[in-house]
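Inspection log for the structure reproduced underneath, given as structure tokens.
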2 protein chains.
Amino acid sequence: MPAAPPAATRRGRPGYDQQAVLTIAVDVFNRHGYEATSMGVLAENLGISKSAIYHHVPSKGDLLRLALDHALDGLEAVLTDPAAMSGKADARLEFVLRGTIAVLIERLPFVTLLLRLRGNTEVERGALERRRTFDRQVAALVDAARSEGSLRSDIDPRTTTRLLFGTINSIVEWYKPGGAVSPEKLADDVITMVFDGLHST
Amino acid sequence: MPAAPPAATRRGRPGYDQQAVLTIAVDVFNRHGYEATSMGVLAENLGISKSAIYHHVPSKGDLLRLALDHALDGLEAVLTDPAAMSGKADARLEFVLRGTIAVLIERLPFVTLLLRLRGNTEVERGALERRRTFDRQVAALVDAARSEGSLRSDIDPRTTTRLLFGTINSIVEWYKPGGAVSPEKLADDVITMVFDGLHST
């Protein structure tokens, strides 16, 4: 958290930029739930007045939208990378899974918020629709990798996609950035397990 | 949901047994969150009076405890099955993972509730402690399977355990009992992916 701003600049310019407000808001949303978090609770956590928050964003819904955009923009950028768009489907799928893990770790609280959405507001439903589009594009890659013979055919492609996302998304529940396992090593481990299995060969 | 009881028996014996009250309560907890659910909301969902709920259980905390016991008793029974207690660690681990998946599906809403706990009350903390003990016993099996040479050694055993639980626990987020994939086939698919990998051989 940034140091408290000098008193002289406090009114109207409370020492946070929008990104800092967003980061703290996402942390509060993840701890208490979006719906249970009022602008008053947010102001308390930021140590600024409610009117100072409105200096940065017009509403709680806008904070949510900005936060979810940050998660989704990152994920969608993986799919439009040239490495995701041409070549063998198997290699493209691996690239996308590695990229997804990297975004998930780099934007951990933002993706956590996205994954816990229930879809009760227009902003949430819009984000869930973008997430479903992302999921469908990965599912299409799974299908393509299966069709080219790279993936085993005794597991239903929908189950395959669900298990891949389940394995990757569950990382938000336990991974601590800065710990013993680097993001790159974790991505290696996930790719090794899901494609080659844990059994020693 | 059971049919509404005849009006004559409504007072004091509202037509639900404790298990039926529990099943509906767990559903409401999962939809709205345990903390956000009052006894009044529960009574509304059950279509009975608050005092009729107290006929079955003394408090909301008791409902939570009964629900979490149902999930944890099922999981712990897997570990005390003879097939989990002797033989090659690799086979014991596979047995425990299959058993965990079976309990997770059979008691889906109960395990979902357990997995979403935040640990804000004594009952929740007690359940989380039992869950941690379960997790530690599975981690010990992973270590044993690695030591006997069955599991690859290039992935840290803690990461291995996290990924295994991540993959399995995420099933609660998407699996629909009664759908196209039977619990047994799903267990086969998970075991195939995590041990042998998705790549065709």
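We did not get these values from a lab; they are worked out from the coordinates using the rules stated. Every value quoted in this text rests on a predicted model; they were computed, and no experiment measured them. For neighbour counting, all protein chains shown are included, and Cβ atoms are generated from backbone atoms with ideal geometry for every residue, glycine included.
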The rounded separation in angstrom of the Cα centers of the stretch B:18-63 and the stretch B:129-201 is 33 Å
Label model pair B:Thr192, A:Tyr54: point-to-point distance (7 angstrom along the Cα→beta-carbon line) in nm is 5.9 nm
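Cβ under 15 Å from A:Arg132's Cβ, A:Arg132 left aside: what net charge do those residues give with Lys, Arg +1 and Asp, Glu -1?
Local net charge: +2.
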Counted neighbours (other Cβ, 10 Å), sorted fewest up, put B:Met39, B:Met85, A:Met193 in the order B:Met85, B:Met39, A:Met193
Two pseudo-spin positions, 7 Å from Cα along C-beta at B:Asp81 and at A:Ser200, lie apart in nanometres by 2.6 nm
Here P(r) for the stretch A:51-141, Cα-Cα distances in 5 Å bins, as whole percents, is 3, 14, 22, 20, 17, 11, 6, 4, 2, 1, 0
The orientation-averaged projected area of the Cα convex hull of the protein assembly as shown, in nm², is 23.4 nm²
Of B:Ala140, B:Ala36, B:Ala83, the most mobile residue in a GNM of chain B (C-alpha springs, cutoff 10 Å) is B:Ala36
Candidates A:Ala127, A:Ala71, A:Ala52; GNM for chain A (alpha-carbon contacts under 10 Å) flags as most fluctuating A:Ala52
Computed on Cα atoms, Rg of chain B relative to 2.2 N^0.38 Å comes out at 1.20
What helix-only [θ] at 222 nm does chain B give? Using -39500 (n - 2.57) per DSSP H run of at least 4, over all residues, to the nearest 500, the answer is -20500 deg cm²/dmol
Charge tally for neighbours of A:Arg162 with beta carbon under 12 Å away, counting Lys, Arg as +1 and Asp, Glu as -1, is -2
Quick note on A:Arg98, B:Arg118, ordering by fewest other C-beta atoms within 10 Å, gives B:Arg118, A:Arg98
Here the relative contact order (percent) of the stretch B:65-196, from C-alpha pairs under 8 Å and at least 6 apart, is 31 percent
Quick note on A:His70, A:His55, ordering by fewest other C-beta atoms within 10 Å, gives A:His55, A:His70
Listed by chain and number, the lysines with an alpha carbon less than 28 angstrom from that of A:Lys88, same-chain partners under 8 positions apart left out, are A:Lys185
Given Cβ charges of +1 for Lys and Arg and -1 for Asp and Glu, the option among B:Leu97, B:Leu68, B:Leu186 whose Cα lies farthest towards the positive end of the dipole of the stretch B:65-196 is B:Leu68
